[in-house]
Structures are given as structure tokens and as C-alpha cells.
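The values are calculated or read from the model by the stated rules, or taken from the named source; none is laboratory data. Remember, predicted model here, so these are calculated numbers, not experimental data. In this analysis, Cβ positions are derived from the backbone assuming ideal geometry, glycine residues included, and neighbour counts consider all displayed protein chains. Remember, those area values only see protein heavy atoms, side chains included, never the ligands or the DNA or RNA. Shrake-Rupley method; radii C 1.70, N 1.55, O 1.52, S 1.80 Å.
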Amino acid sequence: MKNSLKWNLIMNLLLAASMLLFPILLFPYAARVLQPENIGRVSFAESVIAYFLLLSQLGIPTYGVREISRAREDRQESARIAGELFGLNLLMAAISFMLLLAGTCFIPRFREDRALFLITGAGLFLNALGMEWLYRGRELYVPIAVRSFSVKAVCFVLVFLSVRDTTAVLRFACLYMTAIYGAGILNFIGARKYLGTGEPIHKLNISRHFPAVFVFFAMACATTVYTHLDAVMLGFISGNMELGFYNAAIKIKVLLVSLVTSIGTVLLPRITMSLKKGDLAVCHRLVDTTRRFVWDFSVPMTVFFILFARPTLQLLSGERFLPAVPAMRWILLTLLPIGMSNLIGIEILVPLGREKAVLIAELIGAGVDLSMNLILIPQYGAAGAAVGTVAAELAVLLFQLWTLHRIALNSWQNSNRSDALARMLGLWEWDNIGRVVITAILSVLLTGRLFENLLLKSEEISIVSLTVGLFGAFLLFTALYLLGLLLLREKLLMQCLEWMKTGGKEGANGKK
């Protein structure tokens, strides 16, 4: 392969970090300037736009990566697929924006903030222009990472220069959406060389993608429902204040989820090509790496931020957002289930052509989330929404595990395939998982003990002391955790150290 898998992973992690660190770093300033109610307004508009964005994408982000990776060695077919999917995406963006415009005319809740909804709605077109699925399918992560980071850096500075009080909500929303989707213009300019086939537009066969696209669209619908349903239901049932608390509670979770699932996006093209060639050994190695990464990253981050939820919210949002502490602690419990369900769904079931099983799992999750929200939000607000999300993610993971187990049982006659699928389930290394969990718990307990008086019991603390203390606690916890894994000679950590010792070069075995 021309592109190093490790280098792709690093670039995708940087891309994910740039997408999520922007709101994380900006939130402390925006929360203090705009106050919870206005933060809730922007959050509500963003959550509603997510549904229109969902319609405009039609499942293309995942489907496009798979199809481009399959046809990558055929330049003409790859360009034809890219052109057809881009045209379909742009058409659906226009239809979605017209529906949004109609909503701002006829739905009272939307009409109250028409300008805000139209500003956020511009992201529909910018997202279609960006075509990140094309870059990911071709494993071109450097350009999209650099462009995303550059645009966000400029917008970050402009927010501090131009958003000074609660009257600047629309200005803030404009800069925020530009930061999230603005790099799409630059991506479009760079992607034009991958779109041309020399054929007339009327000869492009968009309809051939409909059967598969609609399955991926249904998958995306179910995911978006139980991902954004919390915010929408909170906005209607509990109001902007409770929604503002929930928005503060999920900031760290959103960042961590983006990081823990980024490896799946990188490996999807590689696994798809390996399955096409019948190389199950490579598939197993890639999935095993992801499984270790998910556990090694998710468990320590979950236990650390659950213990230090209060000082984290104080730092990111201020004292007025402390009622969000219970919601933050509950929502962090979704990190591991999301990581594992992303591993099974995106890296195993989708490349195997079992996307319908992923769809069923997500529909189950959406149903669980809706039911739990209807019961819990009226009484518990943001915390109730968080509990509903935990239940939904667990339901998704359990169904996917059951599906994968059935596949392994059905293929028992082929010992090689059965062995690979059994290993994908991770049934053979629960002792390693136990070591990771125990190491993380012991590390966070020791860290909490040392920083107890400064961060966990102090009622009043300066922003400087809070920043230094929380950062110091995180560094100490990370050092203790990594030391524990090193003493236990955890496989993934040892592989990373070996890679660093060789200067980031691929191993002698030629694996990438």
C-alpha cells in the first residue's frame, strides 16, 4: 500500500481532534459570554439541522468510503462513482434546505429563530461540497486534516475578536458553522481531479446506488435519531436552560467518542480491500488492533472524567453549569459501548455486506432511546436524557454481538473463518481486558487521592488553579496508567513503543 496505515491513523486522529477540540476549547468562552439560554438556542438549532443534514447525505459518507475503496485501482470507475455520489449529495442538500426553509415558515419553534436556522442550514451545502468520503476512500487524510485545522484556527480567533456579549448569537453561529463545514470549499477545489470521467452528465447512472444508499441512509437515520434525539426532546420538553446543561455535559464525551471511533474510519477502506482479496488474516490483525485500542483508551478516559466531572465542568463551562455533573457522569458510560459497536458494525459487518444487521441494531437503539427519554426527561431533565442514551448504546452493542456470534457459528465448518470471527469477538483475551480495567481504576483512585483537596472538595477555586490542577491530575493519571500497562507488557502499547523505536517505519514484515 502506498499510504501507511499508522500515518493515516495519526492524520485521522488529528482531523477528529480538530473537529472536536474547536467546540471544546471555545465552549468556556462562549458559555460565559452567551449564557446557558443562548447556548441552548444554538444547540437546539444544531441538533435540528443534524436531521436535515442526515437527509442530504443519504448514507453516502459510509457507503462512499466503501465504494471508492473498492474501485480505487480503476481510475475511471472511481471517478464515475465519485461524480454520481457528489451529484446525488448536492441534489439532496438543495432539497433539504428547501424543507428547512419551509419549516421556518410553518413551525412556530423554528420561526422564532429563523435567522439562526438559516445560518446553520448553510452547512448542508458546505458539507456536500467537502466530499470527505472521497478523500477517506482514497486514504488521503493529510489534505483534509490540514484544511480543517486551518479553517478552525481562523474562526477560533474571530470568535474571540467579534463575540463579546449575548447579542452576538448569530455572529457566533455563523463562525461556528464556518469552522465546522468551511473547509468543504477547499476540499471541493482539491477533489475536482478525482471527479472527471470525460462522459456527459446525463450518462452518469445515479440510480444504481439507490438500493445500497437507502440501507446506509436508514442506518444513519437510526443513529442520528438516538444521537440527537436527546437534545431535541430536551428542547421541547424541558426548555433551553436544561438543554444548555446537557450540551455542557456531552462536550468531553463527544470529543472522546470521536477519537475512539476514528480508527474505524481509517481501517474501513483497508478491511474492505482485504476482504475483496480474501485475506482474512489481515482483517483479523486490523480488527484486533482496534479492539485493543478501544479498550485501552475508553476505560481509562471513562473512569478519569467520571471522577473529575465537577472540576472539568467548572473549567469548561463555569459554575452556572454545575447542575450538569450527573448528566456528564452518566453519558461517559457510553464511551466503551460506542467504541465496541463501531468496531463490530463499521469494521466487520459493513465490509462483510451485513449493513442490514447494523441497521436493525440502530433501530433497536433508537426505540430504546425514545422510550427511555419519554419516561425520564420530564422528571430528571438532562440526567434522564443521558441515562436513556446509555441504555440505547448498550442495546445496540448487545444486538451486534449476538449477530456476530451467529455469523461465527454459521461458519464453523470453515475453521479459518470461524477462528477469525471468534477472535474478532475478543473471547480469547478477557484476561487482558481485566488488566486494563484494574489498572485504570487503581490509577484514578491514586490520582483522586492526591488531588482530592484541590479539585474534589474545594468549593471555590481560581481558574488558574483549576486549570493547572486538572491538567496535572490528567498527566499523573496518564503516567500511572501507561506505567501499569508497561509493567503488564500490554500488546498494543508494546507495538507502539516498537514503532517509535524504529522511527515510525513499517516493520520488516511489510505490514502497514
* To do: Treat region 46-142 as a sphere of radius equal to its Kirkwood radius over Cα pairs and apply Stokes-Einstein at 25 °C in a medium of 0.890 mPa s; give the translational diffusion coefficient in µm²/s, rounded to a whole number.
  => 172
* To do: Can you tell me the alpha carbon radius of gyration of region 1-108 divided by the globular rule-of-thumb value 2.2 N^0.38 Å?
  => 1.45
* Structure fact -> Checked region 116-173 against the a/c 1.5 cut and the a/b vs b/c comparison, axes a ≥ b ≥ c from its Cα gyration tensor; verdict oblate
* Asked: So for R136, R41, what's the accessible-area order with a 1.4 Å probe, most first?
  -> R41, R136
* Compute, for M219, the solvent-accessible surface of its heavy atoms (probe 1.4 Å) with the complete set of protein chains present, and express it in square angstrom to the nearest 10. => 10
* To do: Set Lys and Arg Cβ to +1 and Asp and Glu Cβ to -1, take the dipole of region 90-215 about its Cα centre, and tell me which of V146, A115, V169 lies farthest positive.
  => V146
* Asked: Accessible area, 1.4 Å probe, largest first: how do D74, D230 sort?
  -> D74, D230
* Overall form of region 85-210 per C-alpha gyration tensor (a/c, 1.5; a/b vs b/c) -> oblate
* To do: May I ask you to compute the full-extension gain from F106 to Q495, defined as 0.36 nm times their residue separation minus their alpha-carbon distance, rounded to one decimal in nm?
  => 134.3 nm
* Put E242, E139 in order of accessible area, largest first, 1.4 Å probe: what do you get? -> E242, E139
